[in-house]
Amino acid sequence: MIATSEAATYPALESLLQDAREATGLADFGEGSFREGLAQLLASLERDALLPEAARQHTIALIRRRLVNRLKIEDWYARHPETADVAVGGPIVVTGLTRTGSTALGNMLSLDPQFRSLRGWEQREPVPPPVLGAEEADPRRIAAAAEIDALYAANDAVVAQHIHEVDASVEDTEVLGLDFGAQQMTLPVWGYFDWWRTADMRAVFRYHRRVVQLLQSRRPPDLWLFKAPHHKFHLDALMEAYPNARFIMTHRDPAKSVPSYASFVSSIWPGDTASRHQPQVVGPEISKHLRVGMERALASRDRIGEDRFIDIHHPDLNRDPLGTLARIYDFLGLELTQAMRDSVTAWLAKHRSGAHGEHRYTPEQYGLTAAGIRADYDFYIKRFGVHTGD
């Protein structure tokens, strides 16, 4: 059983909206379903999250920032209506079970100037949109680079778990979060996850496209690269917003990826939040969450059609990254240039396995067993011939 908070400690939804209006002098939040998602998130924060005070204040500030960003986005569109005519190419979407090499693959692909990466620093503050040729001097990028440098200097455990690069395409948590339709694994909001897994995300992805148009308006190219394992939950909604999408689905033994993700998400919860949640509860919740996501992904994939997907297995990516990239580029009908091969070779030398330390975890730490996980994911292992034991 999951412990719950005893007292209401978060502002009311309308109070948060008013705070954003007063902070900006703006009033139009635009269309979308953000009020429903925000209500679900606030309710789950009250009931499930058990955040310490500093983390609670950080989370409230994050919500306010996203609401302020919505107001600024709508103001930008009002002043620059031509933004709505920006043509979005692709996208190419790296998705699948999490902790399967998707970050490494996404970061390698982000080296190719053919792709338009969705960077974390531009998501966090989309207005004004970045300008081609002026990004190195953009204070948002400078601040993000400094944060990454500080992280690498101070937190060996987090660095060993995840590669951080300022210009790589990262999970679109901030873009989806503008409509409060992000997965939000940075918080232990179990009730929100229960709602989010099967929520209608069509309006969320329509707003996602609106933000992407803004970000592209002064910074080509137009062939977008999204890296987001959580997209597997809502592929149909994504396809409605992006009908030309193609998918690179990454795979790994779930007995490895599931406990790895439980360890990773616990480590990124703010403050000492993890100490307030029993790992033996966290593990089964995470495993259930990811399993439902894969079930939904396979059902959507059957509807979308196999021709939109290529499958990449974690052992293959580790053993032959350039050969794996060649397969992907052939699938996409794009040229894998020698310059790109050279860039990837240099990247691999810097980020070889273990270069930033080892991420250590076991299923048993999180109330799981390898055999139990593989039994739960048997449908997935069999469909894709996933190698177990890597």
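The values are calculated or read from the model by the stated rules, or taken from the named source; none is laboratory data. For clarity, every value in this text was computed on a predicted model and none was experimentally measured. Reconstructed Cβ throughout: ideal geometry from the backbone, glycine too, with neighbour counts over all protein chains shown.
Pairs needed: first member in the range 115-130, more than 16 Å from residue 210 (Cβ to Cβ) and in contact (Cβ under 8 Å) with a residue 40 or more places away in the chain; second member anywhere, charged (D, E, K, R) and surrounded by 22 or more Cβ atoms within 10 Å (Cβ to Cβ); C-beta distance under 7 Å; at least 6 residues apart or different chains.
Sorted first by the residue in the range 115-130, then by its partner, the pairs are 124/174; 130/122.
Of the residues 51, 26, 62, which single one is within 19 Å of residue 268 (Cα to Cα) and in a loop (DSSP other than H, G, I, E, B)?
Working: 26 fails: within 19 Å of residue 268 (Cα to Cα); 62 fails: in a loop (DSSP other than H, G, I, E, B).
Answer to the selection: 51.
Residue by residue through the range 248-289, note down the ones that are charged (D, E, K, R), under 29 Å from residue 309 (Cα atoms) and outside any helix (DSSP H, G or I).
Scanning the range 248-289 gives 252, 253.
Restricting to the range 230-247, give me the number of residues that are in contact with a Lys or Arg (Cβ under 8 Å, 6 or more places away or on another chain), over 18 Å from residue 210 (Cα atoms) and part of a helix (DSSP H, G or I). Talk me through it step by step, then tell me what you get.
Of the range 230-247, the ones in contact with a Lys or Arg (Cβ under 8 Å, 6 or more places away or on another chain) are 232-237, 240-242, 245-247.
In the following step, the residues that additionally are over 18 Å from residue 210 (Cα atoms) were identified as 232-233, 246-247.
Adding the requirement that they be part of a helix (DSSP H, G or I) leaves 232-233.
Qualifying residue count for the region: 2.
For the range 366-375, what are the residues that are in a helix (DSSP H, G or I) and buried (at least 20 other Cβ atoms within 10 Å of the Cβ)?
366, 373
If you go through the range 91-99 one residue at a time, do you hit one that is under 19 Å from the mean Cα position of the chain (by Cα), among the β-branched types (Val, Ile, Thr) and at pLDDT below 95?
Scanning the range 91-99 turns up at least one residue that is under 19 Å from the mean Cα position of the chain (by Cα), among the β-branched types (Val, Ile, Thr) and at pLDDT below 95.
If you check residue 343 against the conditions, is it more than 22 Å from the chain's Cα centre (by Cα), surrounded by 12 or more Cβ atoms within 10 Å (Cβ to Cβ) and polar (S, T, N, Q)?
Criteria met by residue 343.
Of the conditions (1) farther than 21 Å from residue 228 by Cβ; (2) loosely packed, with under 15 Cβ neighbours inside 10 Å, residue 147 fails just one. Which one is it?
(1)
Give the range 291-300 a look and list any residue that's of a type in the set (Lys, Arg) and surrounded by 18 or more Cβ atoms within 10 Å (Cβ to Cβ), or say none.
Result: 291, single match.
Could you please give the count of residues in the range 189-203 that are part of a loop (DSSP other than H, G, I, E, B) and either in contact with a strand residue (DSSP E or B) (Cβ under 8 Å, 6 or more places away or on another chain) or closer than 17 Å to residue 262 by Cβ (or both)?
1
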